[in-house]
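Below is one structure, written out as structure tokens, with a few remarks after it.
Any read-out appearing in this document is the output of simple, stated calculations on the displayed coordinates, not a laboratory observation. No experiment lies behind these values; they were computed from the predicted model shown. When we count neighbours, we look across all protein chains shown, and the Cβ atoms used for this are built from the backbone with ideal geometry, even at glycine.
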Amino acid sequence: MRIIFMGTPEFAVESLRKLVENKYNVVAVVTMPDKPFGRHHETLMASPVKEYALSVGIPVLQPEKLKDPVFLEELRSYQADLQIVVAFRMLPEVVWNMPRMGTFNLHAALLPQYRGAAPINWAVINGETETGVTTFFLDHDIDTGRIIHRVATPIADTDTVGDVYDRLMYLGADLVLQTVDDISEGRVQAVEQSTMVVDGKEELRPAPKLFKENTEIRWSQHSMKSAYDFIRGLSPYPGAWTTLRTADGRETVMKIYFSEKLPTAEAGTEAAETASDNVSEAIPLLSDGRTYLQVALPGGFLRVTDLQLAGKRRMKVADFLRGAHLESATFVEN
């Protein structure tokens with residue numbers, strides 16, 4: 001069986017490596033064009049998938065446009081029986097319908113839940129206790145094709161998105177091999193997503209792409225638990241951020257990477273009442289000036305442990321407090 005693999009980031013490399021090391025016939029790789037980086041964008045950086053493919057002698061295609069006739073002709077020339085997509089772009093039908101056995105995608109969630117670009121982040125942000133990986137055949141709409149296999153894994157209350165990412169990367173690579181074997185042996189009985197019960201949930205939860213606007217900590221909209229989940233669902237990348245305002249009115253962006261929950265029945269009552277009056281109300285910081293920094297939210301105190309100020313290095317809260325003057329400091333919302 002001749003296979004073409006499509007992917008870009010580190011998450012996809014493990015699946016490609018598994019295919020290569022287990023002697024599957026990967027005849028070509030399709031990945032994103034090299035990205036310029038550096039102060040003057042004078043240097044081009046290859047994707048992790050490209051770097052690995054070249055290291056094992058697999059031809060690499062890097063089309064700017066997936067409907068480019070030159071690219072399509074080159075893709076056809078490899079006469080692939082099957083295409084595998086892991087963390088790549090949305091494919092046009094002329095591409096995903098090309099191989100005789102079709103094209104399947106590895107998605108880092110338990111479809112039909114968490115369709116979209118950031119499924120791992122949103123599962124953690126929403127406080128899920130379980131996620132997983134899914135393989136499915138591509139069709140016209142994103143992440144809606146017939147499901148081939150799903151494998152679940154728990155999300156611990158202390159897991160960050162980085163922890164879950166690593167776990168799903170290896171779990172997904174194993175599932176890719178199982179899916180290839182089942183397709184080649186004719187054992188697949190793919191299931192339409194529309195026929196699946198969504199784990200008892202009333203509605204599907206999306207996984208939209210992450211931007212600056214949806215990674216800000218909106219303190220007035222959070223309980224202690226939901227703020228804790230939001231922070232770990234964006235750690236280590238891209239990082240949940242907030243605006244710190246000091247007593248003299250100066251403001252700076254702070255990213256928070258880790259926090260701790262300190263549940264109490266009373267904590268956060270005043271903050272919740274204030275937030276109900278004005279959703280943009282500043283949230284006062286509580287600190288001894290040496291060892292801890294926390295905010296009161298409905299359900300308890302949220303204690304910040306790892307942070308980064310704009311233009312500074314990432315640090316522990318004790319290191320930050322040594323040089324900070326936080327009298328009457330607040331977190332504010334934009």
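Add -39500 (n - 2.57) for each DSSP H run of 4 or more in the chain, then divide by its residues: what number comes out at 222 nm, to the nearest 500 deg cm²/dmol? All intermediate terms of the calculation are to be shown ahead of the outcome.
On the way: 9 runs with 89 residues, N = 334.
Using -39500 (n - 2.57) per qualifying helix, the result is -8000 deg cm²/dmol.
With the convex hull drawn over the C-alpha atoms of region 219-332, the volume per residue is 94 Å³.
With all distinct Cα pairs included, what does the Kirkwood hydrodynamic radius of the chain come out to in Å, to one decimal, could you say? Computed over the chain, the radius equals 22.1 Å.
Each DSSP beta bridge with both residues in the chain is either parallel or antiparallel, and the antiparallel ones are about 75%.
Computed from phi, the 3J(HN,Hα) profile of region 251-263 under the Karplus parametrisation 6.51, -1.76, 1.60 (θ = phi - 60°) reads 10, 8, 7, 10, 8, 10, 9, 9, 8, 10, 8, 10, x Hz, with x in place of Gly and Pro.
Antiparallel beta bridges, as assigned by DSSP with both residues in region 2-195, represent about 50 percent of the total such bridges. In summary, region 2-195 shows an alpha-carbon radius of gyration equal to 1.02 times the 2.2 N^0.38 Å reference for compact globular proteins. Loop-located GluC sites (Glu not before Pro) in region 4-73 (DSSP state other than H, G, I, E, B) with a sparse environment of at most 14 neighbouring Cβ atoms within 10 Å: Glu42, Glu64.
Distance check, please: which entries in Lys50/Lys312; Lys18/Lys312; Lys225/Lys255; Lys35/Lys255 exceed 28 angstrom between their Cα atoms?
On the way: Lys50/Lys312 32 Å; Lys18/Lys312 39 Å; Lys225/Lys255 18 Å; Lys35/Lys255 26 Å.
Going by Cα-Cα distance, Lys50/Lys312; Lys18/Lys312 fall outside the 28 Å limit.
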